[in-house]
Amino acid sequence: MYLCLVFHSIGKILLLLAVIMMIPLQVAIYYRGSDVVAFGYSIMITLLLGGILSLIKPRGNFRRREGLAVVGLGWIILTAVGALPFYLSGTVQTYTDAFFETMSGFTTTGATILPEIESVARGILFWRSLTHWLGGMGIIVLSLAVFSFLRQGTSLFQAEVPGPFPDKILPRLKKSAAVLWIIYTVFTLVEIITLRWAGMSLYDSFIHTFGSMATGGFSSKNISVEFFHNIKIEMIITIFMFLAGINFSLYYRAIKRRSLKPLLKSSETRVYFLIIVVATILISISLLTQMNLSVGEALRRSGFQVVSVITTTGYSSDNFDTWPSFARGILFILMFFGGCTGSTGGAIKIARIMLLFKYAFRQVQKAVNPRLVIRTKLDGTALPDARIHEILAFFFMYITLFICGALFVMATGEDLVTSLTAAAATIGNIGPGFARVGPLGNYSGLHIAAKWVLSLLMLAGRLEILPILVLFSPRFWRK
């Protein structure tokens, strides 16, 4: 393990974070908020720490071990530093709450401990949502595009980009990272413009664009998107949440070929769309029969919420905690699905679920005919059994962490529904669950130990478990 290389890299990333912090500082100055001083101190501390670490002379080359260490440790250190504006401004009373809120931001979870969001200083709220946007595509992927010394950090790219098949779309890693961030930024600008057109203020347009493109879900309103009661706004956010749930490398291929074929040919994208349609219809029927809503209103509410949950965004246009049990059950199941590989969404991912079903079907066929040779394929490409075994291991670890997290929250005194959905919503990077942590609730009343465990679940879910678990292995740190 080349620890000098690891800490030097983290130092450079911290310097980049300090520069980015100047954006919410300008927002705080513009609105003459009480958070200006807090951002000033936070930037100085981040610059100091980043400067000290970056002075460490790097030795060796990036291997998978160093990549995992930079990503795992880097995200923890970035969160610890990113929590400073919340704590120093007095927005939260404890550092635990500041860390939880920041981890929720960087991991695009959207779980909050703030009971009264609309009273928080504008600069802090902007920083809160900006952490979403940075975490959506990945601040380390951004660093790959900025710093030339990271050009050999393929392991960094693979460790941070979500999904079982990290796609380096161009031969040079730096260009791949830059292209992904350019596409992400263009989508962001387009959504800001369309939300302004729909009647949202410029400030709220930025906040909700950051939340939907990063599939994060932080809002500037206590009742989220429901506050606006505007069908145009809901439709725009729904469309961009849906787009953010698709593999971003497919957008590059579609642009390069000037054709939608790369998107339409992707079986993962088709299944993703099909699940949304089926879930929307089923929930709409439930709302029609048990809540006496009109067809249009049922489709409007169910469509928005289905897209919000499956993409792990977590925005709400209605208090879905009061919906019929069948509708809530479907939303709970969708919490485990997530978006497509290479999207900004969290959870298990559609491709993994497809391959698990295919592998299960293959085992059934082989039980009938043991001599039958069947390959598990995705989009016509046969995958080696080693890759399938990796997916099976990931699924096992994901479910194990979910169960352990839920049991731990129960042990702190929370009820079954709150505990199960809090664990599912944090490891899946969704945000709101049901009951105490529902769309009109928050995580502020949970026990301090539960907040730290759920913070760890958020990070494990965003980095897809392995970069976090290896940090606890003594063998990982050996030379």
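Could you give me the percent of Cα pairs per 5 Å distance bin for the range 1-122, shortest bin first, beginning at zero and ending with the bin that holds the maximum distance?
All Cα pairs considered, the percentages come to 2, 12, 18, 21, 18, 13, 8, 5, 3, 1.
With a 10 Å radius around each residue's Cβ, average the other Cβ atoms per peptide and rank 433-440, 466-473, 32-39, highest first.
Highest mean packing first, the order is 433-440, 32-39, 466-473.
Order of 71-79, 278-286, 205-213 by packing, highest average Cβ count within 10 Å first?
Numbers: 71-79: 23.0, 278-286: 19.0, 205-213: 27.0.
Answer by packing, highest mean first, reads 205-213, 71-79, 278-286.
How big is the range 349-432 in terms of Cα radius of gyration and Dmax, in angstroms?
Cα-based Rg and Dmax for the range 349-432 come out at 17.1, 52 Å.
Please provide three numbers in whole Å: the alpha-carbon extents of the range 274-378 along the principal axes, with the largest listed first.
For the range 274-378, the Cα extents along the three principal axes come out at 55, 30, 19 Å.
For the chain, give the magnitude of the charge dipole about the Cα centre (Cβ charges: +1 Lys/Arg, -1 Asp/Glu; no others), in debye to the nearest 20. Please report the intermediate quantities before stating the final value.
Values: 42 positive and 22 negative charges, 499 e Å.
About 2400 debye.
Would you mind giving the three semi-axes, in whole Å and largest first, of the ellipsoid equivalent to the chain according to its Cα gyration tensor?
Details: eigenvalues 193, 174, 99 Å².
Ellipsoid half-lengths, sorted descending, are 31, 30, 22 Å.
What share of all Cα pairs of the range 23-90, in percent, falls into each consecutive 5 Å distance bin?
Whole-percent P(r) values from 0 Å outward: 3, 15, 19, 20, 14, 11, 8, 6, 3, 1.
Over the range 209-278, calculate the relative contact order: mean separation of alpha carbon pairs under 8 Å at least 6 apart, over the residue count, as a percent.
Answer for the range 209-278 is 23 percent.
DSSP H helices in the chain with Cα extent of 20 Å or more along the helix axis and mean Kyte-Doolittle hydropathy at least 1.0? Please list the in-between numbers first.
Working: long enough: 3-30 (41 Å, 2.13); 36-54 (27 Å, 2.04); 64-82 (26 Å, 1.10); 122-137 (24 Å, 0.24); 173-197 (37 Å, 1.22); 267-291 (35 Å, 1.58); 295-310 (22 Å, 0.71); 350-368 (28 Å, 0.67); 385-411 (39 Å, 1.63); 448-462 (21 Å, 1.38).
Answer set is 3-30, 36-54, 64-82, 173-197, 267-291, 385-411, 448-462.
Distance between Cα centroids, the range 329-361 to the range 378-433: provide it in whole Å.
Here the two parts' Cα centres lie 11 Å apart.
So how do 355-363, 332-340 stack up, highest first, on mean other-Cβ count within 10 Å? Each step should come with its number before you reach the end.
Numbers: 355-363: 14.7, 332-340: 22.9.
The most tightly packed comes first, giving 332-340, 355-363.
Which semi-axes, in whole Å and largest first, does the equivalent ellipsoid of the range 405-474 have when worked out from the alpha carbon gyration tensor as the square roots of 5 times its eigenvalues?
Working: eigenvalues 96, 34, 16 Å².
Three semi-axes, in Å: 22, 13, 9.
Amide H neighbours of L378 under 5 Å, counting only residues 5+ apart in sequence or on other chains, H built in-plane at 1.01 Å?
Here the answer is L383, since their amide H atoms fall under 5 Å of that of L378.
In deg cm²/dmol and to the nearest 500, what is the mean residue ellipticity at 222 nm of the chain if only DSSP H runs of at least 4 residues count, each as -39500 (n - 2.57), divided by the residue total?
Details: 21 runs with 308 residues, N = 479.
Result for the chain, helices only: -21000 deg cm²/dmol.
Net charge near T215, counting Lys/Arg +1 and Asp/Glu -1 over other residues with Cβ under 14 Å of its Cβ?
Values: positive: K349, R462; negative: E191.
For residues surrounding T215, the net value is +1.
Which distance in Å, rounded to a whole number, links the C-alpha centroids of the range 292-318 and the range 67-95?
About 33 Å separates the Cα centre of the range 292-318 from the one of the range 67-95.
Tally Lys/Arg at +1 and Asp/Glu at -1 over every other residue whose Cβ is under 10 Å from the Cβ of L372; what's the total? Walk me through the numbers before you get to the answer.
Working: positive: R362, K366, R371; negative: none.
Once all neighbours under 10 Å are counted, the net charge is +3.
How far is the Cα center of the range 1-20 from the Cα center of the range 462-479, in Å?
About 18 Å separates the Cα centre of the range 1-20 from the one of the range 462-479.
When Lys and Arg each count +1 and Asp and Glu each count -1, what net charge do the other residues less than 14 Å away from R301, Cβ to Cβ, add up to?
Working: positive: R300, R328; negative: E226, E234, E297, D318, D321.
Result for the local shell: -3.
Report the relative contact order of the chain, percent, no decimals, based on alpha-carbon pairs under 8 angstrom and at least 6 residues apart. Spell out each step's value before the answer.
On the way: 828 pairs, mean separation 83.3, N = 479.
17 percent.
None of the figures in this text is laboratory data; all of them are computed from the coordinates on show. Quantities reported herein were computed from a predicted structural model and do not represent experimental measurements. Note that we place each Cβ from the backbone using ideal geometry, even for glycine, and neighbour counts take in every protein chain shown.
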